[in-house]
Amino acid sequence: MAAKSPAAVAPKRPVLSVSARKIKDNTADWHNLMMKWETLNNNGFTIANKIVNLKIGTQFKDNKLEIECDNIASDCGKLSPDYNEELEMFCAELLGTLENMAKIQLKMEKLCSATKGICDLETYHYENGDCLTPLFHTWPTTYFYEVSFKLTEMYKKELRLKQTIVQEIAHTADQDLMMVYLSSWLYQPYIENSNKLLLESMLLETGHRQV
């Protein structure tokens, strides 16, 4: 029986090390968490927009009532129970969205810590005589931690901003300030444009994306 030529043998996929497998799993988790964050951000904007529209509409009605009442009745300017209930409902929804975003940010922190642990392990092996080679293609292990740290800091700062918005948006009567809060929530100033590039770079390096 003729031996198979080397060209006829299908090449085996390289077996990933434990560290490489963990990094690859972490990268997939980063992708999923960032996608969930964007969904929550869009949902939160919709809720915040309802709060602002409700407050502005009520301010318009109050101004109209003040002109019509002309101090005839002392309770003309009181807010209706329906307004209070609706505002409370929207605020509760926005707070719930914020709490879910906080859970995502905490998971990002844990991913960053796990990546730091992998870097420390790889450094330990290197210091004990093992060759420090890239886990995948070109990235040193430390670069995965650097990227994770950058992303974590972006979302940590953004979460703090959103906490302020949730605390203030229902209590301010300044329409311009309400618009600033809405715009800040939607466009997320602390999350830099590079965040998607950093994620895509990790996905490419770990093989989740094909070149």
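Considering only residues of region 194-211 that are outside any helix (DSSP H, G or I) and touching a residue at least 40 places away in the same chain (Cβ under 8 Å), which is least open to solvent (accessible area, probe 1.4 Å)?
Applying the filter and picking the extreme gives 207.
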note = The condition from (1) touching a residue at least 12 places away in the same chain (Cβ under 8 Å); (2) farther than 16 Å from residue 42 by Cα that residue 155 misses is numbered (2)
inquiry  = Let me spell it out: the conditions are (1) modelled with pLDDT of 95 or more; (2) farther than 16 Å from residue 23 by Cα; (3) in contact with a Phe, Trp or Tyr (Cβ under 9 Å, 6 or more places away or on another chain), and residue 170 meets all of them except one. Which number is the exception?
reply    = (1)
query = Before we move on, is residue 68 open to solvent by 90 Å² or more (accessible area, probe 1.4 Å), farther than 26 Å from residue 142 by Cβ and either part of a helix (DSSP H, G or I) or at pLDDT below 95 (or both)?
reply = yes
Candidates 166, 180, filtered to the one that is hydrophobic (A, V, I, L, M, F, W, C) and free of Cβ contacts under 8 Å to residues at least 40 places away in the same chain = 180
task = Would you mind telling me which numbered condition in (1) open to solvent by less than 80 Å² (accessible area, probe 1.4 Å); (2) more than 25 Å from residue 29 (Cβ to Cβ); (3) not aliphatic (A, V, I, L, M) residue 171 fails?
result = (1)
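The values are calculated or read from the model by the stated rules, or taken from the named source; none is laboratory data. Keep in mind that what you see is a predicted model, and the values were worked out from it rather than measured. Every residue, glycine as well, gets a Cβ built from its backbone with ideal geometry; the counts of neighbours run over all protein chains shown. Keep in mind that these areas ignore ligands, DNA and RNA; they rest on the heavy atoms of the full protein, side chains included. Shrake-Rupley method; radii C 1.70, N 1.55, O 1.52, S 1.80 Å.
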